[in-house]
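Engineer: What follows is a single structure, and I will ask about it in a moment.
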Amino acid sequence: MSKPFRNPTLADNVIGEIDRALNNIFCKQPTSRLYPASQAPEEPTPMSTEQKRHAAGLMRVNHSGEMAAQALYQGQSLTARDPKLVEKLKHASIEESDHLNWCRNRLEELGERPSLFDPLWYAGSFAIGMAAGIAGDRWNLGFLAETEHQVVRHLDSHLASLPENDTRSRAIVEQMKIDEQGHAELAEDLGAAELPKPAKQVMKLTSKIMTTIAEKI
């Protein structure tokens with residue numbers, strides 16, 4: 001009779017999380033869904049060099065945001081108490097992984113690279129995600145809901161700013177917006193607590209700092 005698999009130890013879990021982080025930061029991952037840009041209509045006119053540079057800056061910001069989202073969900077799922085919530089967070093993380101790789105693909109198409117600060121965004125967001133989970137499931141969900149609402153507003157601003165003829169980037173951002181809105185509504189349906197106004201303001205400020213740096217570097 002074969003011996004049953006042993007339960008993972010703390011060291012196993014730490015190694016697994018490090019491996020996941022390194023893969024997210026440095027490697028392109030397989031996606032679970034079709035690349036939205038592949039279904040976008042042809043660009044009516046070619047983009048100028050300046051338009052490409054602007055679009056790349058916005059997609060670099062989105063890539064950094066999705067890098068942070070991966071780490072947030074990772075940290076939140078590790079410290080969440082309800083097993084059902086952990087499963088919901090893991091499912092949402094799969095969709096965020098799609099976003100991450102769609103943005104990375106688009107950056108490559110535009111001849112650009114991700115932000116050099118991606119490891120920093122990942123580490124900081126992972127710590128914030130763990131802290132949100134430790135605070136309790138309702139606050140964990142509240143942080144998730146507010147994060148996603150802010151991301152939706154951020155993506156709306158990108159849709160208003162992207163060149164009209166950049167149909168590939170726009171297709172990616174539009175699908176991301178649909179998914180992020182769904183994550184926010186899911187968190188609210190599961191009983192998310194309303195975050196205090198000062199917490200929301202700190203989140204906005206942190207996001208502003210990250211997006212300003214990521215767009216350029």
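Engineer: Against the longest principal axis of the chain, how steep is helix 197-216, in degrees 0 to 90 to the nearest 10, with axes from Cα atoms?
Structural biologist: Value to nearest ten degrees: 50.
Engineer: Related question: If you place +1 on the Cβ of every Lys and Arg and -1 on the Cβ of every Asp and Glu, how big does the dipole about the Cα centre of the chain come out, in debye to the nearest 20?
Structural biologist: That gives a dipole near 540 debye.
Engineer: Then there's this: If I build a Gaussian network model for the chain, linking alpha-carbon pairs within less than 10 angstrom, which residue out of G129, G191, G57 has the largest mean-square fluctuation?
Structural biologist: Maximum fluctuation in the GNM of the chain, among the listed residues, is at G191.
Engineer: Using the heavy atoms of the protein chains and a 1.4 angstrom probe, tell me the accessible area per residue for the chain in square angstrom.
Structural biologist: That works out to 54 Å² per residue.
Engineer: Per residue of the chain, what 222 nm ellipticity follows from adding -39500 (n - 2.57) for every DSSP H run with n ≥ 4, rounded to the nearest 500? Present the calculation step by step, with values, prior to reporting the outcome.
Structural biologist: Details: 7 runs with 160 residues, N = 217.
Taken over the chain, the calculation gives -26000 deg cm²/dmol.
Engineer: Another question about this same structure. Per residue of the stretch 36-47, in order, report the coupling 6.51 cos²θ - 1.76 cosθ + 1.60 (Karplus, θ = phi - 60°) as ³J(HN,Hα) in whole Hz, putting x for Gly and Pro.
Structural biologist: Rounded to whole hertz, the list is x, 4, 5, 9, 6, x, 4, 4, x, 9, x, 6.
Engineer: With loop defined by DSSP as not H, G, I, E or B, and exposure as at most 13 other Cβ atoms within 10 Å, which is the longest segment of the chain clear of exposed GluC sites (Glu not before Pro)?
Structural biologist: Working: sites that count: E42, E164, E194.
The reported range is 43-163.
Engineer: Spin-label point model (7 Å from Cα, Cβ direction): what's the R53 to K208 distance in nm?
Structural biologist: So the label points at R53 and K208 sit 2.6 nm apart.
Engineer: Moving on to the next point. Classify the stretch 135-217 from the C-alpha gyration tensor, please: rounded if a/c falls under 1.5, else prolate or oblate depending on whether a/b exceeds b/c.
Structural biologist: Numbers: a/c = 3.14, a/b = 1.56, b/c = 2.01.
Oblate is the answer for the stretch 135-217, as a/c is 1.5 or above yet b/c matches or exceeds a/b.
Engineer: Run the accessible area of the stretch 48-215 with a 1.4 Å probe and give the carbon-and-sulfur part as a rounded percent.
Structural biologist: After summing per-atom areas, the C and S share lands at 60 percent.
Engineer: Continuing with this model, one more query. Once phi is turned into ³J(HN,Hα) by the Karplus curve 6.51 cos²θ - 1.76 cosθ + 1.60 with θ = phi - 60°, what whole-Hz value does each residue of the stretch 116-131 show in order, with x for glycine and proline?
Structural biologist: Those phi angles translate into 5, 8, 3, x, 5, 4, 5, 4, x, 5, 4, 5, 5, x, 5, 4 Hz.
Engineer: Using the crude model of +1 on Lys and Arg Cβ and -1 on Asp and Glu Cβ, and no other charge, please compute the dipole size for the stretch 166-206 relative to its Cα centre, in debye to 20.
Structural biologist: 300
Engineer: For the stretch 33-135, which trypsin sites (Lys or Arg not before Pro) pass both filters: DSSP loop (anything but H, G, I, E, B) and at most 16 other C-beta atoms within 10 Å?
Structural biologist: Answer in residue order: R33, R81.
Engineer: Simple spin-label model, 7 Å along Cα-to-Cβ: D156 to A135 in nm?
Structural biologist: 2.3
The values are calculated or read from the model by the stated rules, or taken from the named source; none is laboratory data. Just so it is clear, the model here is predicted, and its values are computed rather than measured. Cβ: placed from backbone, ideal geometry, glycine included. Neighbour counts: every protein chain shown. Ligands, DNA and RNA are stripped out before the accessible areas are found, and what is left, the full protein with its side chains, is counted by its heavy atoms. Shrake-Rupley method; radii C 1.70, N 1.55, O 1.52, S 1.80 Å.
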